[in-house]
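Participant: Here it is, the structure, as structure tokens.
Here, each number is a calculation from the coordinates, and none is a lab measurement. Values in this document were obtained by computation on a predicted structure and should not be read as measured data. Cβ placement follows ideal geometry from the backbone for every residue including glycine, while neighbour counts extend to all protein chains displayed.
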Amino acid sequence: MISRRQFLRWSLTLGAAGLLVPAYGLFETFWQPRITRYDLQPVRWQPGPDLKIAVIADIHACDPWMPADRIRSIVARTNELGADLILLLGDYVVSDRFQRHFVTEDVTPGEWAEALSELRAPLGVHSILGNHEWWSDPVAQENWKGPPAARAFIERVGIPVYENDAVRLVKDGQAFWLAGLGDQVAFLPQRRKFPNRRYGVDDLPGTLAKITDDAPVILMAHEPDIMVKVPEQVSLMLSGHTHGGQVRLFGYLPVVPSRYGNRFAYGHIREQCDLIVSGGLGCSILPLRIGMPPEIVVVTLRGGTKPA
């Protein structure tokens, strides 16, 4: 039997922990992004060029934790990495209604797009859209078709947006393909009303059909769950969306927005191809990050010698 003094001590300790953990999570949200590096030599990247890729995912622009000034500082830090190309993996906005209770001011599409326009890389800056670009657009949701409004702001600053499309790039005389998949959960679930409708605009077979030779392929896909359908034709897939769980406790992720749980939650996964899932930069639902600080991902691919 515990004494009254022990009970009070434990109660105070638990109460303090209950306050400190959210406070720490809020503090971690504002951390300077770490640089997470992966050095890979995928089997199907042979032959292919040595390539350095910087990846930005899940910005979720808003005040107070992701204002335009912070996005510009992330852009500056990304430019300093000296990547050959920079890839933007979607979710530039906030659309979650619960999360908006914590937002003090919106960052307009013009503001965050202008900040991203300062990104520079020899092989260019390339992007896809995430589910929040779709979910935040009432016209796209009502009409069950896009493009969502955010796309125009990205393209207006000179950054191409890939939706089930691919482009052939060359570095040091060696070619590779960069493909971008349409979002897999573009439309908010309304299964009772429309039980036979698809909720994504993704077309993986159509995207890969645009690849016309045997040069290696990099695939951008906002949600990583499509990994189970990606053929061996793809050397590397890059995704965001999960935020690495956003809360990571002793290596355990309590909540992951994936039907496969922790399988594609974060980091480097090697199955039929190599997959890198970024922990992202911003927040969803709650402005908290615990054990999963914001990050910019750098992937270095080691290649072969075959000319383009």
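Participant: Express the Stokes-Einstein translational diffusion coefficient of the range 199-242 in µm² s⁻¹, to the nearest whole number, given a Kirkwood radius over alpha-carbon pairs, 20 °C and a viscosity of 1.002 mPa s.
Facilitator: Estimated diffusion coefficient is 191 µm²/s.
Participant: Still on this structure, I have one more. So what J values fall out for the range 137-142 if you push phi through Karplus, 6.51 cos²θ - 1.76 cosθ + 1.60 with θ = phi - 60°, rounded to Hz, Gly and Pro as x?
Facilitator: Computed from phi, the couplings for the range 137-142 are 10, x, 5, 4, 5, 5 Hz.
Participant: If the chain between Val157 and Trp144 were fully stretched, how many nm would it gain, using 0.36 nm times the residue separation less the Cα-Cα distance?
Facilitator: 2.1 nm
Participant: Next question. Taking the Cβ-Cβ separation of Thr104 and Leu81 as r and a Förster radius of 35 Å, what is the calculated FRET efficiency to the nearest 0.05?
Facilitator: After rounding, the FRET efficiency stands at 0.70.
Participant: Restricting things to Cα coordinates, could you compute the convex hull volume per residue of the range 40-197 in Å³?
Facilitator: Hull volume over Cα atoms, normalised by residue count, gives 138 Å³.
Participant: Contact order normalised by length for the range 99-198, with contacts defined as Cα pairs under 8 Å and 6 or more residues apart; what percent is it?
Facilitator: That works out to 28 percent.
Participant: I need the trypsin sites (Lys or Arg not before Pro) found in the range 88-185, filtered to DSSP loop residues with at most 16 other beta carbons within 10 Å of theirs.
Facilitator: Within the range 88-185, the qualifying trypsin sites (Lys or Arg not before Pro) (loop, at most 16 other Cβ atoms within 10 Å) are Arg97, Arg120, Lys145.
Participant: While we're on this one: State, to one decimal in nm², a quarter of the convex hull surface area for the C-alpha atoms of the chain, i.e. the direction-averaged projected area.
Facilitator: Averaged projected area of the chain's Cα convex hull equals 18.8 nm².
Participant: Also, quick follow-up: If you average 1/r over all unlike Cα pairs in the range 167-258 and invert the result, what Kirkwood radius do you get in angstrom?
Facilitator: It works out to 15.3 Å.
Participant: State, as an integer percentage, the relative contact order of the range 162-278 based on alpha-carbon contacts under 8 Å between residues 6 or more apart.
Facilitator: Once divided by the residue count of the range 162-278, the mean separation gives 21 percent.
Participant: Whats the longest run of the chain with zero GluC sites (Glu not before Pro) that are DSSP loop and have at most 13 other Cβ atoms within 10 Å?
Facilitator: The segment 81-231 is the longest one with no such site.
Participant: State the three equivalent ellipsoid semi-axes of the range 122-180, derived from the C-alpha gyration tensor as the square roots of 5 times its eigenvalues, in descending order and whole Å.
Facilitator: Working from the Cα gyration tensor, I get semi-axes of 28, 12, 7 Å.
Participant: Sort Met220, Met227 so that the residue with the fewest other Cβ atoms within 10 Å of its own Cβ comes first and the one with the most comes last.
Facilitator: Met227, Met220
Participant: Still on this structure, please answer the following. When the Kirkwood radius is taken over all Cα pairs of the range 56-142, what Stokes-Einstein diffusion coefficient follows at 25 °C and 0.890 mPa s, in µm²/s?
Facilitator: For these conditions, the coefficient is 181 µm²/s.
Participant: Separation between the Leu249 and Val170 pseudo-spin-labels, each 7 Å from Cα along Cα→Cβ, expressed in nm?
Facilitator: So the label points at Leu249 and Val170 sit 5.5 nm apart.
Participant: Here is a further query. What ranking do Tyr266, Tyr38 get, fewest neighbouring Cβ atoms within 10 angstrom at the top?
Facilitator: Ordered by Cβ neighbours within 10 Å, fewest first: Tyr38, Tyr266.
Participant: Something else now. Once you keep just the Cα pairs under 8 angstrom separated by 6 or more residues, what percentage relative contact order results for the chain?
Facilitator: 27 percent
Participant: Report the Cα-based extents of the range 125-226 along its three principal axes, largest first, to the nearest Å.
Facilitator: Dimensions of the range 125-226 along the principal axes of its Cα atoms: 52, 30, 19 Å.
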